[in-house]
1. Pairs Lys35/Lys178; Lys31/Lys85; Lys31/Lys204; Lys115/Lys204; Lys85/Lys204; Lys35/Lys115: which exceed 27 Å Cα-Cα?
2. Cut-off 13 Å, label point 7 angstrom out along Cα-to-Cβ of His224: give me the residues of the stretch 135-151 whose amide nitrogen falls inside.
3. With a cut-off of at most 13 other beta carbons within 10 Å, and DSSP calling the residue loop, which trypsin sites (Lys or Arg not before Pro) in the stretch 1-80 qualify? Please list them.
4. From the phi of every residue in the stretch 118-126, what ³J(HN,Hα) in whole Hz does the Karplus formula 6.51 cos²θ - 1.76 cosθ + 1.60 yield, where θ is phi - 60° and glycine or proline is x?
5. Heavy atoms of the protein only, probe of 1.4 Å, neighbouring chains included. What is the accessible area of Tyr190 in Å², nearest 10?
6. Based on the Cβ-Cβ distance from Ser40 to Ala80, what FRET efficiency comes out when R0 is 22 Å, to the nearest 0.05?
7. Could you give the nm distance between label points at Thr27 and Lys178, where each point is 7 Å from its Cα heading toward the beta carbon?
8. Using only Cα atoms, figure out Rg for the chain and give it as a multiple of 2.2 N^0.38 Å.
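The values are calculated or read from the model by the stated rules, or taken from the named source; none is laboratory data. Note that the structure is predicted; figures quoted are calculated from it, not measured. For neighbour counting, all protein chains shown are included, and Cβ atoms are generated from backbone atoms with ideal geometry for every residue, glycine included. Side chains are part of the model used for accessible areas, which takes the heavy atoms of the whole protein and leaves out ligands, DNA and RNA. Shrake-Rupley method; radii C 1.70, N 1.55, O 1.52, S 1.80 Å.
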Amino acid sequence: MEIRFLGQAAFELSDGETTVLIDPFLTGNPKAAAKADEVSADAILLTHGHGDHFGDTVAIAKRTGADVVAIVEIANELSAEGLAKVHDPNLGGTVRFDWGSVKLVPAWHSSMTPKGTASSPAGLIVKFGGKTIYHLGDTDLFSDMELISRRVGQIDVALVCIGGHYTMDRFDAVQAVKLIGAREVIPCHYDTFPVIETDVQAFKADVEADTSSRVVVLAPGEIHSP
Ligand code: NI
Ligand code: MN
């Protein structure tokens with residue numbers, strides 16, 4: 001399977017047959033690696049409602065007929081928008097598909113959709129293509145990342161916000177990586193806007209000096225096979 005970074009916190013998981021989008025913020029994303037009307041999707045998974053994650057979910061789901069998984073309050077808004085295949089777990093819930101599954105886990109952040117629906121934010125444990133991927137969502141550092149990781153077993157790839165200001169910064173993110181113990185880490189949620197600019201190569205150096213995880217830095221549009 002392949003992971004394509006689409007900018008900010010948006011990722012595309014693909015195995016050549018099925019495509020899963022996470023947090024597809026493309027329109028208005030200065031680092032977007034694709035346009036909302038050209039991506040394909042069998043499923044769209046959301047960490048929370050902020051515009052830089054919720055993004056083009058409604059338009060992509062309407063065009064593609066994709067399943068959408070979002071925490072219950074956001075799911076209800078999406079159903080009211082006319083989307084048919086909406087799944088509405090809350091934290092701790094797992095939604096299973098032919099291609100794998102997604103479980104919502106805690107994140108320390110806030111969440112409101114552009115239309116004003118408030119909810120808890122989430123991280124996502126995604127099983128796809130024989131790999132386990134932990135998208136942390138937007139979050140600060142918290143010690144239960146270790147518990148989440150222990151319950152999941154070996155995490156192949158962690159998608160980790162590092163930009164600071166709206167989330168943990170690259171220094172706290174090193175500690176997060178220590179708690180999670182993923183084989184590989186792909187940093188995200190940095191350099192999209194001036195306020196979240198950071199030194200990704202310094203993050204990589206710090207993680208690889210201090211943990212056994214390997215950091216894979218992807219420019220928007222780049223693809224990695226874990
Ligand atoms: Ni956010
Ligand atoms: Mn965000």
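1. Lys35/Lys178; Lys31/Lys85; Lys115/Lys204; Lys85/Lys204
2. 135-136
3. Those satisfying the criteria are Lys35.
4. Taking θ as phi minus 60°, the curve returns 8, 7, 6, x, 9, x, 10, 9, 10 Hz for the stretch 118-126.
5. Roughly 30 Å² of Tyr190 is accessible to a 1.4 Å probe.
6. 0.30
7. Using points 7 Å along Cα→Cβ, the separation is 4.3 nm.
8. Taking the Cα Rg and dividing by 2.2 N^0.38 Å, one obtains 0.91.
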